[in-house]
């Protein structure tokens, strides 16, 4: 009892430090979405009136919208009234006390990925010191960042500490009524990250989830804003290669990036949420709106994603290339196994002169997985000398899977140059034979070939992530061969 | 129902017995109307103007019938009625959207070609001429029995009046049979042409399609090829070269349903003036269609500042042992190539047109029949900027 009390105190202390929730009692709003729920969320978070107005505006728009059905995915209808839209972090007593209480399957995966014990505990949500360790590490990092003038905090904190910045940029890239899930997110978002890199600053470290100070249980409606002022640059890493404990089925995140003149933002994602079991029961629905706005000249936004988790993925990280000479990039590896479905791709909207974009998408479909690349390259009449290169390749493993490509191109300027290439094939028998003849097992051979297939994307990932991403593919493909 | 009275009037002029027979398709049209831009397949092509368009029941024809192609039989339809040639009109069967339903309800004539087992039919030039503020609806049906062979050119022309033409061509190609299908689409600048071509290809049979779409206020062609049995092959090639304020929309769908089916698709686009070109090439490989081999290639050039192209090469694959590739590019003529030709003494216009012509020739070279190919080349050349003389271009090519 005393121990529990102590722990709760510690949690209280930690939350206080983060400064956005003082009430730690595990507390959830009753399921259902109404103006009342939104007012409750806003009140709980002690938000200013303008933010509440923003939420309500989004909610009213959302009510008038219909759920999109154009994506090439199938799932039972979501009951938005059955979801609880606010829940405070789980108290420590609900968490497993040690790794012995954690699902052995999960532990096995951690081992295969080579994740250190401490991190395993953190990822599995074990209520031990490691969590607090991460807080202390986070605090040190925060000091370094503060010295450089970089703001990196939770969005709730930013609302209080830097309201003028949040007010200026929130909804400026993804408007509150942009699409069904973005509107929902705008109405009920609970947390997420806020990054601001001031003029001429190169962020001194990669902002990564591993030491994320602000991201325990951000919940299902994450809102992230990253702003790079003139000449600034930042590399942001989201997610984690390890499967994460997660109770929420619907995830509808919104990420907004703003790059001013000569700024560079690199956003990397590794997503490995619960994909459901072999029969497709359970699993996360990941409906995400991510968009970057190259507002300034020579700005650059680069998206890199490795998507292996979630039952359903619906995600199109996009770039609006508004500034002259700005650059957009999209590198993606998506893997669907068992009954996973993914409809993912990107949008490159060329507005400014001499804008360039590169799209490299690698899809791997195994088991009964089904995945689509859906991309849009739009060259507006104002985009003189725009250039796009798109390559999307699909690899099929097994006779029951599907791979689809829906690339939209819209060109309104005659000086534009666009190239699109796509191929679909299976792993060649001769390639497999060659590898096996050299003494590799079939599974190793497949994994090697798949990793080679994804090389162009992995090389864009930060080093340590790249290594883990390779292992992750290997683990995710288990059972798909032979 | 928002569709204009014009359609109802034509419907009511049909004989009572025919109306009773076609009641279901007419009601389908009344219910659904024309497809809307909210439908994915129509997002770039807006037919809403057709809903309150006004058409005369009859109009005088002001086009002169062009000279016949050497060695070809000819069948000529004018404003939906046959004026040359004699074949019996087919029954309308296909009606799965507003346009095909309207066509099925209102068609009065069309080609009904049946080629018997192992036979070879003479090449047939099917010419459609439309004129005046009028509508024409034609329904064609072509059946090739096993081992037979046929060549068919569907040629649609018109004057500058705002005609509406719908046509539906249903084709059945029997085992081991071979169809060469050509299309020239060259209607007037105010005219609308909505056409559907539906082809089913049986075991080891082959269809070779080459199309040339030159213009019209609004042109839409849906070309669906169903490779239904093992060994079926399709070659689907086309050029679209709209200019002025034309809107040309091409949708191709190649459906691989059986193992060992092959498809090749090459499209070239030359978009000039303030024209708007839409290309949607879809390849679907069903689960049963293992060992499918499919390639699709689209290249387009925007020739002027106001031109626009929307292209979408789609792949939808449900089988794993397949080879599928597609590529799409959009760009402009290579300045170095123009410079090279000019350094050889060609003037700027000729150099440019020669390159454009050669670009389109990747497709037109697939037309085997000389008379038909020359006809297509001539028509394309007449539409190139600066209206290059075809003979001059050919000289350039030879030199």
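Ordering A:290-302, B:255-267 by mean Cβ neighbour count within 10 Å, with the highest value first, yields A:290-302, B:255-267. Shielding by partners for peptide B:322-334, expressed as the average number of C-beta atoms from other protein chains within 10 Å of each residue's C-beta, is 6.
Packing-based ranking of A:443-454, A:33-44 yields A:443-454, A:33-44, ordered from highest to lowest mean Cβ neighbour count within 10 Å. Legend: translational diffusion of segment B:270-388 by Stokes-Einstein, Rh = Kirkwood radius over C-alpha pairs, 25 °C, 0.890 mPa s; D = 147 µm²/s.
Peptide A:393-403 is shielded by partner chain Cβ atoms: per residue, an average of 4 of them sit within 10 Å of its Cβ. Globularity index of segment A:307-370 is 1.35 (Cα radius of gyration / 2.2 N^0.38 Å, N = number of residues).
If you bin all the Cα-Cα distances of segment B:193-237 at 5 Å, starting from zero, the percentages per bin are 6, 20, 26, 19, 13, 9, 5, 2, 0.
For chain B, adding -39500 (n - 2.57) for each run of n ≥ 4 DSSP H residues and dividing by the number of residues yields -6000 deg cm²/dmol at 222 nm. Descending by average beta-carbon neighbour count within 10 Å, the peptides B:206-214, A:145-153 line up as B:206-214, A:145-153, the highest first. Based on the Kirkwood approach, the hydrodynamic radius assigned to chain B is 21.7 Å, with every pair of different Cα atoms included. Shielding by partners for peptide B:109-118, expressed as the average number of C-beta atoms from other protein chains within 10 Å of each residue's C-beta, is 0. For segment A:354-404, the Kirkwood radius over C-alpha pairs fed into Stokes-Einstein at 20 °C and 1.002 mPa s yields D = 168 µm² per second. DSSP beta bridges fully contained in segment A:316-481 are about 0 percent antiparallel. For segment B:104-204, the Cα-based Rg and Dmax, in that order, read 14.7, 45 Å. Entry for segment A:316-445 at q = 0.16, 0.18, 0.19 Å⁻¹: log10 I(q)/I(0) = -0.78, -0.88, -0.94, Debye formula applied to identical alpha-carbon scatterers, no solvent contribution.
Every read-out reported here was derived from the displayed coordinates using simple, explicitly stated rules and does not represent laboratory data. Note that the structure is a prediction, hence the values are computed from the model and not measured. Note that each Cβ is placed from the backbone with ideal geometry, even for glycine, and that neighbours are counted across all protein chains shown.
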